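This report concerns only the one structure given below.
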Amino acid sequence: MTIRTRKFFGTIALLVLVVVWSLMGMTIAQTPWLANSGLLQAIFYVVAGLGWVLPAMPIVSWMSRPDRVA
């Protein structure tokens, strides 16, 4: 697969990841046990805001891998 094709599919995967991550984050943020605690909210938003980077790193690494020389 060429780098151009990997970047296309990787971009789609990253967009799907961000949309799903944000929807899950919004769903969890509305739970009563989290909505009633300011400290838990702060921790949750830090983790949720930075947490999507971990699953995105392998995708970006795969996208930027150089083409195989034939």
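The values are calculated or read from the model by the stated rules, or taken from the named source; none is laboratory data. For clarity, every value in this text was computed on a predicted model and none was experimentally measured. When we count neighbours, we look across all protein chains shown, and the Cβ atoms used for this are built from the backbone with ideal geometry, even at glycine.
Taking Ser37 and the conditions (1) modelled with pLDDT under 90; (2) exposed (fewer than 11 other Cβ atoms within 10 Å of the Cβ), which numbered condition does it fall short on, given that it satisfies the others?
Result: Ser37 fails condition (2) only.
Determine which member of the set Ile59, Ile28 is in contact (Cβ under 8 Å) with a residue 12 or more places away in the chain and in contact with a Gly (Cβ under 6 Å, 6 or more places away or on another chain).
Ile59
Can you name the helices (runs of 4 or more DSSP H) wholly within the chain that have at least 3 residues being touching a Ser or Thr at 6+ places or on another chain (Cβ under 9 Å) and not hydrophobic (A, V, I, L, M, F, W, C)?
In the chain, 3-29 are the helices (runs of 4 or more DSSP H) which contain 3 or more residues that are touching a Ser or Thr at 6+ places or on another chain (Cβ under 9 Å) and not hydrophobic (A, V, I, L, M, F, W, C).
For the range 2-18, give me the residue count where each residue is surrounded by fewer than 12 Cβ atoms within 10 Å (Cβ to Cβ) and modelled with pLDDT under 95.
Matching residues across the range 2-18 total 3.
Return the only residue of Val60, Val47 being surrounded by fewer than 11 Cβ atoms within 10 Å (Cβ to Cβ) and of a type in the set (A, V, I, L, M).
Val47
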